[in-house]
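Scroll down for the structure; my scribbles are underneath it.
Nothing in this text is a laboratory measurement; each read-out follows from the coordinates by a stated rule. Values in this document were obtained by computation on a predicted structure and should not be read as measured data. Positions of Cβ are backbone-derived with ideal geometry, glycine not excepted, and every protein chain shown enters the neighbour counts.
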């Protein structure tokens with residue numbers, strides 16, 4: 001009986017440790033900033049570096065009818081940067097081939113045409129089997145006003161709070177000056 005009790009206690013003590021390990025493995029990406037990506041210059045970036053900031057993640061394109069949103073995104077970045085806000089741009093060529101250029105061409109276009117100074121990243125896929133893990137995570141979360149599911153087009157926007165939690169998703173036609181987007185950003189900055 002004593003041996004059974006010792007085995008029971010030993011097994012019971014092991015179960016929480018096992019569950020703790022399993023929990024860590026399944027929650028590694030329960031934060032929108034728990035990803036590593038490459039910046040537009042091909043350098044590795046840990047998105048956890050942006051923890052403590054309010055982050056707007058946007059899939060971008062240089063040859064789209066919505067491309068002028070780059071100017072508005074830069075204005076947003078400049079307006080709120082001192083308050084701990086950052087825009088992260090992720091070029092994507094999955095929508096009608098509207099981002100065909102290389103990273104160097106994209107960087108040149110953004111800095112010359114729109115004076116972009118917010119961080120830009122290497123071209124990625126945002127939908128399908130080849131989607132970047134960050135976007136697999138973002139599109140799996142149901143947040144207002146868009147909800148979950150595939151990216152519909154260029155310039156879809158994801159707002160992340162200072163703790164790295166996804167709080168809002170805005171459609172491509174939501175401009176950077178949209179009152180609802182501004183209200184959401186300002187609420188997170190307070």
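Potential lengthening of the chain between residue 78 and residue 141 amounts to 19.9 nm, from the contour at 0.36 nm per residue minus the alpha-carbon distance. For the range 74-155, relative contact order (Cα pairs under 8 Å, six or more residues apart, normalised by length) works out to 28 percent.
With the convex hull drawn over the C-alpha atoms of the range 31-189, the volume per residue is 98 Å³. Take the Cα of residue 165, step 7 Å toward its Cβ, do the same at residue 182, and the gap between the two points is 2.7 nm. In plain terms, the residue of 62, 177 with the fewest other Cβ atoms within 10 Å comes first and the most crowded comes last, giving 177, 62. Among beta bridges identified by DSSP and lying wholly in the range 32-107, the antiparallel ones come to about 30 percent. Here the relative contact order of the range 31-189, from alpha carbon pairs under 8 Å that lie six or more residues apart, stands at 29 percent. Residues 162, 173 in ascending order of nearby Cβ atoms (within 10 Å, fewest first): 173, 162.
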